[in-house]
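Notes for the one structure printed next.
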Amino acid sequence: MHILVTGSNQGLGLACLKVFLQAGHHVLACTMVINEDIKSLEKAYPQHLSVFEMDVSCDNSIARACEEILARYKKLDCIINNAGVLTGRNVKIADIDIKEVRDCFDINVFGAMLVTQKLLSLLLHSDNGSILNISSEAAILAAPHYNYSYCMSKTALTMFTQCLDTELGMNIRCYAIHPGRMRTGMAKLPGMPPDAYEKRTLLPETTAEGLLRIIAGEVRPEHKTRFIDYLGNPME
Ligand SMILES: NC(=O)c1ccc[n+]([C@@H]2O[C@H](COP(=O)([O-])OP(=O)(O)OC[C@H]3O[C@@H](n4cnc5c(N)ncnc54)[C@H](OP(=O)(O)O)[C@@H]3O)[C@@H](O)[C@H]2O)c1
């Protein structure tokens, strides 16, 4: 399969690259920064990994990368809109800087919409196409922490997915996915409890393996909201 992953230079995105390449798939890695991890995967899998610079908060950057992809590929089997930021943790409504909320939506929601819009034609050539939008339990849960920007953006991404499924579901499987509480850099961000990272046992590679089963169609959840976890269980 040909699988595209955004935000692929660390965390779940990087784990997807490793797991999918090891399983023999062709991966299109979209990333803001081509770091050493990506460079060493490029060396190890020269035939199967293609890397594209893409900042999902920038329309021009998305357009440039997608033009290159459209010129090089005739078909895609899956788009994983994974790039995301966690901002605004426990910032009170009185203190919110609305620009921070808009910036968060640019990355977590509008980036995913634009990438999907620009590359949809390639997915329609697959006989097993899917779109996986990496959401979060925060889409439906604002306690014990409130992150106005993050929670609201993940709710929007989840509803975007449901709209996509209503429009395209006959041809393309669309899912919003809670990836689990993973041991990634996001668990180390300012505002997270100091031991949040150490307490987590779920490796992003385990989530990536779950995503691969969903992409391959080995797990075919049919819940009407299309909001599931990485194992295919319904989130509502
Ligand atoms: N970790 C968890 O427990 C958890 C739980 C629920 C949902 N999620 C979701 O899972 C997804 C992956 O998160 P993670 O845990 O792997 O976090 P992470 O380690 O912080 O990785 C986030 C990735 O998104 C990329 N990114 C951020 N802004 C971007 C932009 N403007 N353009 C392109 N890429 C951008 C980052 O690139 P840079 O490294 O260059 O900044 C990084 O590769 C996110 O959507 C997150 O909301 C995570």
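The values are calculated or read from the model by the stated rules, or taken from the named source; none is laboratory data. The shown structure was predicted, so the numbers you read here are calculated from the model rather than taken from an experiment. Ideal geometry is used to build each Cβ from the backbone, glycine not excepted, and the neighbour counts take in all protein chains shown.
Laid out as a table, the results:
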| read-out | value |
| --- | --- |
| Count of segment 43-61 residues which are more than 26 Å from residue 214 (Cβ to Cβ), part of a helix (DSSP H, G or I) and away from the ligand (no atom under 13 Å from the Cβ) | 1 |
| Complete set of residues in segment 128-146 that are surrounded by fewer than 18 Cβ atoms within 10 Å (Cβ to Cβ) and either more than 20 Å from residue 75 (Cβ to Cβ) or among the acidic types (Asp, Glu) (or both) | 137, 140, 141, 142, 143, 144, 145, 146 |
| Among residues of segment 70-98, those that are within 15 Å of the ligand (Cβ to nearest atom), crowded, with 21+ Cβ neighbours inside 10 Å and either aromatic (Phe, Trp, Tyr) or not in a loop (DSSP other than H, G, I, E, B) (or both), counted | 3 |
| Qualifying positions in segment 1-33 - free of Cβ contacts under 8 Å to residues at least 60 places away in the same chain, surrounded by fewer than 19 Cβ atoms within 10 Å (Cβ to Cβ) and within 10 Å of the ligand (Cβ to nearest atom) | 32, 33 |
| Identity of the residue in segment 213-229, modelled with pLDDT of 95 or more and over 15 Å from residue 131 (Cβ atoms), that ends up farthest from the chain's Cα centre (by Cα) | 218 |
| Residue under evaluation residue 125, criteria (1) more than 8 Å from the ligand (Cβ to nearest atom); (2) surrounded by 20 or more Cβ atoms within 10 Å (Cβ to Cβ); (3) not aliphatic (A, V, I, L, M), criterion not met | (2) |
